[in-house]
Amino acid sequence: MLEIRNLTKSFNTFEAVKDVSITVPDGAFLVLLGPSGCGKTTLLRMLAGLELPTSGQIIFDGKIVSDGDENWSVDPANRNSGLVFQSYALWPHMSVRGNVEWPLKVAHMPRSERAARVDEVLKLLDIHSLGNRYPNEISGGQQQRVAIARTIAPKPGVLLFDEPLSNLDAKLRVEMRTELMRLHRATGATTVYVTHDQIEAMTMASHVAVINNGRVQQFGTPFDLIEQPQTSFVATFVGTPPNNIVPVVRNGSGYKVGGRHMPVEPPCDDCLAMYRAEALRLVDDETQHSLAMELVEVSAIAGRVMVTGLARDLRLTAVVEHAHNAPIGSTVHFELPDNPQCWFSTDGERIG
């Protein structure tokens, strides 16, 4: 089990991680998902033992490995975890085999056992034929496999990944996602994976923590995040395409939705309505539930068409069956359903 209790990390007056609490079972695949600068890598570095928490505790398998309240931490080498860096961090003067064998030498594993374990992980990652080459003689994707092989060779109980696929091209990222999932099943290690790519999170994770401004916005399964977003940030950060968030404001005896009077009954005077992209329609003429917008984007997505409109600072995306014949830059009408999928307060918290 991996447990994080009330974890906070401050740099002078700046709080990078704020009171984070997460618990996942042994063998889970936890993804820390969020935009750049949200605190997810700082959280991972605390899990790895590279940063000491300002307050709170980290617990691996029932044992405290970092305690910010008591100002101590178990050395990274002694907490049964392995970290794969975004930059691979391979030794350039060592062969592939030498890179993978190095942590086993440090652990004083006997030579015969080292050789057998290196062979095992090189075969597991399908790079056995590269054993005698050096990092500058292999591709970026192969270097990533070597970095992963080096990390899993000592059989850590917790595997930590810091955006390991961000340097790869799109096709190779898809292939490596499959390989990492296979590797997770083969090792059985609890895995913590940092990414800003929600597609990676949704396809790989058993558990996802969506982080923004140092706080966990929502923690749950990928299905939970898609079906029941608890904040407006989660609603717009998770999903392809993201959900539409439209301001609803009291105006006289009625309400303006996206700046236009509509017959709606919101739960509060000023709030945010969430509409899923597939719930929106494009109509030829204005209706009582439509918004006139500038057409800014049309693209294919999974056999359907994604259409995006813009009006001042409001951006709407609809997923429809057929492409719209209006040219980019023209005015189109997005029709909202009678009722939104859910409501959020103006500070982003779900209502009801």
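Could you work out Rg/(2.2 N^0.38 Å) for the chain, with Rg from alpha carbons only?
Numbers: Rg = 24.3 Å, N = 352, 2.2 N^0.38 = 20.4 Å.
Scaled against compact globular proteins, the figure is 1.19.
Mind ordering 272-280, 190-198, 90-98 by average Cβ neighbours within 10 Å, highest first?
Put in order of decreasing packing, that is 190-198, 272-280, 90-98.
Gain in length, residue 6 to residue 175, computed as 0.36 nm per residue apart minus the alpha-carbon separation, to one decimal in nm?
57.2 nm
May I ask you to list the aspartates and glutamates whose Cα is less than 18 Å away from that of residue 40, ignoring any residue fewer than eight positions away on the same chain?
Within the straight-line cut-off, residue 40 pairs with 3, 15, 19, 51, 162, 163, 197, 200.
Considering Cα pairs under 8 angstrom that are at least six residues apart, work out the relative contact order of region 2-236 and quote it in whole percent.
Reported relative contact order: 27 percent.
Evaluate Rg over Rh across region 286-338, taking Cα atoms for both radii and Kirkwood's formula for Rh.
Details: Rg = 10.7 Å, Rh = 11.3 Å.
Across region 286-338, the Cα-based Rg/Rh ratio is 0.95.
Along Cα→Cβ, 7 Å out, is where each label goes; now give me the distance between the ones at residue 106 and residue 77 in nm to one decimal.
About 0.7 nm, to one decimal.
Residue 250 to residue 296: extension gain in nm, 0.36 nm per residue of separation minus the Cα-Cα distance? Walk me through the numbers before you get to the answer.
On the way: separation 46, 0.36 × 46 = 16.56 nm, distance 2.88 nm.
That pair, residue 250 and residue 296, stretches by 13.7 nm at full extension.
Run the numbers for residue 93 and residue 310: contour at 0.36 nm per residue of separation, minus the present Cα-Cα distance, in nm.
Difference between extended and current length: 72.8 nm.
List the lysines whose Cα sits under 17 Å from the Cα of residue 123, skipping any in the same chain fewer than 8 residues away.
Leaving aside lysines fewer than 8 places away in the same chain, those within reach of residue 123 are 155.
Treat each spin label as a single point 7 Å out from the Cα along the C-beta direction, and report the residue 325 to residue 341 distance in nm.
3.1 nm
Average projected area of the Cα convex hull of region 245-351, in nm²?
With the hull built on Cα positions only, its mean projection is 6.9 nm².
Could you compute the FRET efficiency for residue 213 and residue 182, with r as their C-beta to C-beta distance and R0 at 25 Å, rounded to 0.05?
After rounding, the FRET efficiency stands at 0.15.
If you build a Gaussian network model of the chain, linking Cα atoms that sit under 10 Å apart, which residue out of 76, 229, 337 swings the most?
Looking only at 76, 229, 337, the largest GNM fluctuation is found for 337.
Read-outs: derived from the displayed coordinates by stated rules, not from any lab. Keep in mind that this is a model prediction, so the values were computed, not measured. Neighbour counts are summed over all protein chains in view; Cβ atoms, including those assigned to glycine, are modelled from backbone coordinates with ideal geometry.
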